[in-house]
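Novice: Structure provided below as structure tokens; questions to follow.
Read-outs: derived from the displayed coordinates by stated rules, not from any lab. Keep in mind it's a predicted model, so treat the numbers as computed, not measured. In this analysis, Cβ positions are derived from the backbone assuming ideal geometry, glycine residues included, and neighbour counts consider all displayed protein chains.
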Amino acid sequence: MTVQVNTELLGELKAFGAFDVSACFNCGNCSAACPVSADEVTFPRRIIRYGQIGDREHLLGSKELWLCYYCGECSETCPRQAEPGEFMASARRYAIASLDSTGISRLLYTSNLFTAFFMAGLTALLAVILLSTRGTMAVERPALFGFISAQAIHYVGTAAILIALIMMVVSVARLSRLFRRGSSSSDKQDETGGANVARRLTVAIGKVVADLATEKHHRSCTEEAQPWYRSRWFMHWTIMWGFIGLAAATTFDYLLLLVADKVPGQPVPLWHPIRLLGTVTGMLVLFGTLRALAARIRKPEKYSSHSLLSDWLFLALLLVATITGFAVEFAVYLPRGHAWSYVAFLVHVIVAIEVVLLFPFTKFAHAVYRPMALLMREMTRHKSLANS
């Protein structure tokens, strides 16, 4: 297949990071140093080559793009200081922006001014909508849902979820097409029948879930000797599963309201399963985001040496949502209402909605794209083993 060279692609990619891939002479040292590179997954050398020749379609359709955890080994060992690890991170940002048809993601990554005005405008809009239902700040008891209508929160939150879901479905469909185009002809052909495809899919899903649950490949990244609770893989694990746990706790709490006709904001025992789930997973998110932010501030390793405003944005939103969530949880058990509790409640609701809305447009979208890439890799690997 003939590939037309696009000399503008590298320039576009440089808007999403800090690297000098022009210094790369394709020695292959980066792929040799990468702890998760294998015969069927040779990055970052292949992805760098796509960038050099301007092969946008193959770059965006490469599953290797999402299998990189940016351990920084490639950049540490690069004889030309071309920063291949940062190139991979920049390419992922570029891919997220390219999969977003609205253009919002690209602007969030490349324009600090747009990011500031966009977030200010979104916050103001949500505040106006929610405060339009504002009631009184009761002093005798912390009636938080008397201050902001539970119904208003439900409608705005549902709208945010639907918008994010639609955007992700569209982006996932585009990525699936790119994956298929980027696959080799042998990957696209399957003459073993539907039953075998279903079996391979079942096995692949099981391996992907196990990988995500244990951070198997992330743990294979070389790190300095340190306790497991200070490692990058555990930081990543706490944010991912903490977020999933908080989403589950919120869903279960809403379903409980429907089934048990429970009053919103009514205190429940601290040992209630839903309360425990929310508390424990909230602590995981708090720990992970604080560790991630501290790493970006101190810059102890290559992976944290360069950050865009959008990288800080999502972590900051998660941190604020978690802290205000704990403040609200504490407030509902107080015998009387306080002004700070109502402010914390309003901020928590606004930021939580923003986290959901920004999911498809920020780095957090890789929480969907990476499992897709892992699934494709396992499907291809299982097929190869079955045919051997």
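Novice: Mind jotting down the distance between the C-alpha centroids of the stretch 6-70 and the stretch 332-362, whole Å?
Specialist: Centre-to-centre (Cα) distance: 40 Å.
Novice: Counting only C-alpha contacts under 8 Å and six or more residues apart, can you give the relative contact order of the chain as a whole percent?
Specialist: On the way: 472 pairs, mean separation 89.5, N = 388.
It comes to 23 percent, rounded to a whole number.
Novice: In µm²/s, what is D for the stretch 241-337 at 25 °C and 0.890 mPa s, where D = kT/(6 pi eta Rh) by Stokes-Einstein and Rh is the Kirkwood radius from Cα pairs? Working shown, then result.
Specialist: On the way: Rh = 15.1 Å.
Translational diffusion coefficient: 163 µm²/s.
Novice: For the chain, what does -39500 (n - 2.57) per DSSP helix run (n ≥ 4), summed and divided by total residues, give at 222 nm, in deg cm²/dmol to the nearest 500? Can you show the working numbers first?
Specialist: Values: 19 runs with 263 residues, N = 388.
-22000 deg cm²/dmol, from helical runs alone.
Novice: List the DSSP H helices in the chain whose Cα atoms stretch 24 Å or more along the helix axis and whose mean Kyte-Doolittle hydropathy is at least 0.0. Mind dumping the intermediate values first?
Specialist: Values: long enough: 112-131 (28 Å, 2.18); 150-182 (47 Å, 1.16); 194-214 (30 Å, 0.75); 232-260 (41 Å, 1.16); 273-298 (37 Å, 1.05); 309-331 (32 Å, 1.77); 339-358 (29 Å, 2.21); 366-387 (31 Å, -0.39).
For the chain, where a helix must reach 24 Å along its axis and average at least 0.0, the hits are 112-131, 150-182, 194-214, 232-260, 273-298, 309-331, 339-358.
Novice: Go ahead and run the numbers for FRET between Leu113 and Val203, Cβ-Cβ distance against an R0 of 41 Å, rounding to 0.05.
Specialist: On the way: r = 48 Å, r/R0 = 1.18.
FRET efficiency, Leu113 to Val203: 0.25.
Novice: What number comes out for the charge environment of Gly282, summing +1 per Lys or Arg and -1 per Asp or Glu over other residues with Cβ under 11 Å away? Provide the component values of the computation, followed by the final result.
Specialist: On the way: positive: Arg275; negative: Glu329.
Around Gly282, the charge tally is 0.
Novice: For Arg174 and Tyr229, FRET efficiency with R0 = 41 Å and r from the beta-carbon atoms, rounded to 0.05?
Specialist: Numbers: r = 38 Å, r/R0 = 0.92.
Plugging the Cβ-Cβ distance into 1/(1 + (r/R0)^6) gives 0.60.
Novice: Tell me the label-point distance for the pair Arg275, Ser101, using the 7 Å Cα-to-Cβ offset, in nm and rounded to one decimal.
Specialist: 4.6
Novice: Could I ask something else about it? P(r) for the stretch 9-99, please, calculated from all Cα pair distances in 10 Å bins and given in %.
Specialist: The calculated distribution, bin by bin, is 18, 59, 23, 0.
Novice: Could you work out how much longer the chain between Ser305 and Arg80 gets when fully extended? Use 0.36 nm per residue separation minus the Cα distance between them, nm to one decimal.
Specialist: Working: separation 225, 0.36 × 225 = 81.00 nm, distance 1.75 nm.
Result: 79.2 nm gained on full extension.
Novice: Let me ask you something else. State the cysteines of the chain left without a partner when partners are defined as other cysteines whose beta carbon lies under 4.7 Å away.
Specialist: Among the cysteines of the chain, those whose Cβ sits 4.7 Å or more from every other are Cys24, Cys27, Cys34, Cys68, Cys78.
Novice: Between Ala18 and Arg298, 0.36 nm times their residue separation minus their Cα-Cα distance comes to what? Each step should come with its number before you reach the end.
Specialist: Numbers: separation 280, 0.36 × 280 = 100.80 nm, distance 1.79 nm.
Answer, rounded to one decimal: 99.0 nm.
Novice: What does the charge count near Phe16 come to, summing +1 for each Lys or Arg and -1 for each Asp or Glu among other residues with Cβ under 15 Å from its Cβ?
Specialist: So the environment of Phe16 carries a net charge of -1.
Novice: Calculate the FRET efficiency for Leu256 and Tyr155 from the Cβ-Cβ distance with a Förster distance of 25 Å, rounded to the nearest 0.05.
Specialist: On the way: r = 19 Å, r/R0 = 0.76.
Efficiency computed from Cβ-Cβ geometry: 0.85.
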